[in-house]
Every structure is written in C-alpha cells, then in structure tokens.
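The values are calculated or read from the model by the stated rules, or taken from the named source; none is laboratory data. Because the structure is predicted, anything quoted here is derived from the model rather than measured. Note: ideal-geometry Cβ built from the backbone for every residue, glycine included; neighbour counts use all protein chains shown. When the accessible area is computed, the model is the full protein with side chains, heavy atoms only, and any ligands, DNA or RNA have been set aside. Shrake-Rupley method; radii C 1.70, N 1.55, O 1.52, S 1.80 Å.
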Amino acid sequence: MGVTPQVPILSEEIKRKIAELAIRYDNPQSAVMPALYAAQEQIGYLPEEAVAEVADALSLPHSEVGAVASFYTMFYKKPVGEHVISICATLSCALLGADSLMEYLSEKLDIKVGETTTDGKFSLHAVECLGNCAEAPAMMLDDKYYGNLTREKLDRILSDLGWTEPGE
C-alpha cells in the first residue's frame, strides 16, 4: 500500500505572502498569526492541512503553529457562515446580559452556539474577552466591534445584513 501524496491547499499567492511575512520578521514565530490569517482568508477556515502548510512555509513545528491556531478564537477550525457573530462571554459582559443575548440570537437564528445557519449566512460563537468591557455586553460581527448591546440593537444589526424572520 503506497502513501498518497498530500495535495497542497494553499494557493501560490498565499504561499508567496507567507514567505514575504517570514522575511519581514526577525523571528518566524512572529509571522505565525498573520500567516494563519492569510490562509484562513483564502479557505474561510483553518483545516489541519492548512496549518501544516503554514508551519512548513515558516519552518516551524506543526504543533507550535497548531497551538496558536487552536488558542485564538478568531481562527476557525471548521467552516463558518458568511458573517461570524462572536459574543463576549466573560464576566463584565455576562453580568450585563450577554448570556441572555446569546440565547436570544440562538433562538432567532435557530442555531446553537458554535453552529451556522442552514443558509450559511451566520455563525454564532461565544468568545473570551473582546477587550471592550466599558461597552459590555459586547460582540464582534466579522471584524467590527459592537457594544452596549440590546435585543433591539441586535435586531437592527441583523436587519442591516438582510436577515428576515422565518415566515416573513
């Protein structure tokens, strides 16, 4: 039984970008996060094969790059929706109603935390501190921060993205 060679999944363009990142920093470890972002931007998430290719491109151990990819919540281990909603679940936000807002969104979108809507439009995640405690409860929608959230604000935000209630 022969070993099937692994087909690269990162494009040549992304590999060039990672190579440029590697020479931009004195230490290749400093390029790990931007390189993972580049890979995720191409694929939409970071399968193990992509993490391995990033590690190889930076000449770093796969385990080291994998540890970074699994530690940070902005790196997705499985496919996500067109829009990613990340609700802060730490103390300041929790005390000001983040749990209730998470439940509200879960019911509204008909998904559990960590899932994606059937139309592929939204994914819902609970994350650790977003660093926006002064405006708790807070969330990120894709790359934009929102604070002082209420159900009404969430409804407006979703509406602006084209969300309609089922049956409307």
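State the extension gain, in nm to one decimal, for the chain segment bounded by residue 161 and residue 49, taking 0.36 nm per residue of separation less the distance between their alpha-carbons. Before the final figure, lay out the partial values.
Details: separation 112, 0.36 × 112 = 40.32 nm, distance 3.22 nm.
Once the chain is fully extended between residue 161 and residue 49, it gains 37.1 nm.
Would you list, by chain and number, the aspartates and glutamates whose Cα falls below 15 Å from the Cα of residue 144, excluding same-chain residues fewer than 8 positions away? Hits, sequence-local ones excluded: 82, 135, 160.
Here region 31-134 has 54 percent of its accessible surface on carbon and sulfur atoms, given a 1.4 Å probe and all protein chains in place. Rounded to the nearest 10 degrees, the inclination of helix 98-109 to the longest alpha-carbon principal axis of the chain is 90 degrees. Mind pulling the angle between the C-alpha long axis of helix 12-24 and the longest principal axis of the chain? Nearest 10 degrees, somewhere in 0 to 90. So the inclination is approximately 80 degrees. Candidates 23, 76, 55 compared by Cα position along the dipole of the chain: farthest toward the positive end lies 23, with charges placed on Cβ. Computed from Cα positions, the angle between helix 32-43 and the longest principal axis of the chain comes to roughly 70 degrees.
Calculated FRET efficiency, residue 71 and residue 152, Cβ-Cβ r, R0 30 Å, to nearest 0.05?
Details: r = 34 Å, r/R0 = 1.14.
Taking R0 as 30 Å, the efficiency between residue 71 and residue 152 is 0.30.
Pairs over the 25 Å Cα-Cα cut-off, from the set 15/78; 78/121; 78/153; 15/121: 78/153; 15/121. Dipole check for region 8-108: with +1 at the C-beta of Lys and Arg, -1 at the C-beta of Asp and Glu, and the Cα centre as origin, the magnitude is about 120 Debye.
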